[in-house]
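Below: the structure, in structure tokens.
Here, each number is a calculation from the coordinates, and none is a lab measurement. This is a predicted model, so every value here is computed, not measured. Cβ placement follows ideal geometry from the backbone for every residue including glycine, while neighbour counts extend to all protein chains displayed.
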């Protein structure tokens, strides 16, 4: 009886692709890719799987659409009057934070590297590189460096988050890794041992922006 009531209430708001994608994002955040099934979507939307298939053909399309939605939100954060450098930073942080909040996005982007979400990010970065005044001969290299850094670090940060032991905090995870680094062979891993304390104390977002600024400094140096 309760299910019938919920379905009746849901029918007052017609099922749409947007509703399905929103529900998919919620499921992915809660249960990961394994938890995203048409049965689970149907239960969340109080409808039948057949109604969902009317709008979306399969799981791959749902994953792609959910990824597109999260990335599109991340790309909308830059203000219209931002300088190209400010816009790059806003875009980079938006994507980094989106992958941090939705770790499955990093996995999905890596799995299908030239899906529409990736193309939109690369196009946006390329236009910003062009707006910086980078010579045409250096545009592709500059855009690629930024693109690979943003997605690479964002994806690695998400992977680190998934590596936590159940119930462990980020601080506890980093403390354990730092202890392991400090115990490595001093001849074979001299640098890593020296960075052990830094690993424990660093802030992922701050380090991400510092690395981004190094790349931007290198790109703008080509304009001199």
| said: Report the gain in length on full extension from residue 201 to residue 43: 0.36 nm times residue separation, minus Cα-Cα distance, nm rounded to one decimal. | reply: 52.6 nm
| message | Cut-off 10 angstrom, C-alpha nodes, Gaussian network model of the chain. Which of 141, 57, 83 fluctuates the most? | response | 57
| task | Given the options 179, 21, 134, state which has the largest fluctuation in a GNM of the chain using a 10 Å cut-off (strictly under) for Cα springs. | result | 179
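Suppose R0 equals 41 Å; then what is the FRET efficiency for residue 137 and residue 190 from their Cβ-Cβ distance, rounded to the nearest 0.05?
0.60
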| query | So how much slack lies between residue 55 and residue 156, counting 0.36 nm per residue of separation and subtracting their Cα-Cα distance, in nm? | reply | 33.0 nm
| message | Using Cβ contacts closer than 10 Å as the measure, can you line up 53, 149 from fewest to most? | response | 53, 149
| task | Sort 201, 172 so the one with the fewest other Cβ atoms within 10 Å of its own Cβ comes first. | result | 201, 172
| query | Simple spin-label model, 7 Å along Cα-to-Cβ: residue 148 to residue 177 in nm? | reply | 2.1
| message | At a threshold of 8 angstrom on Cα-Cα distance, excluding pairs fewer than six apart, so keeping six or more, what relative contact order does the chain reach in percent? | response | 16
| query | Once the Cα gyration tensor of the stretch 32-148 is diagonalised, what are the square roots of 5 times its eigenvalues, in whole Å and ordered largest first, as equivalent ellipsoid semi-axes? | reply | 34, 14, 12
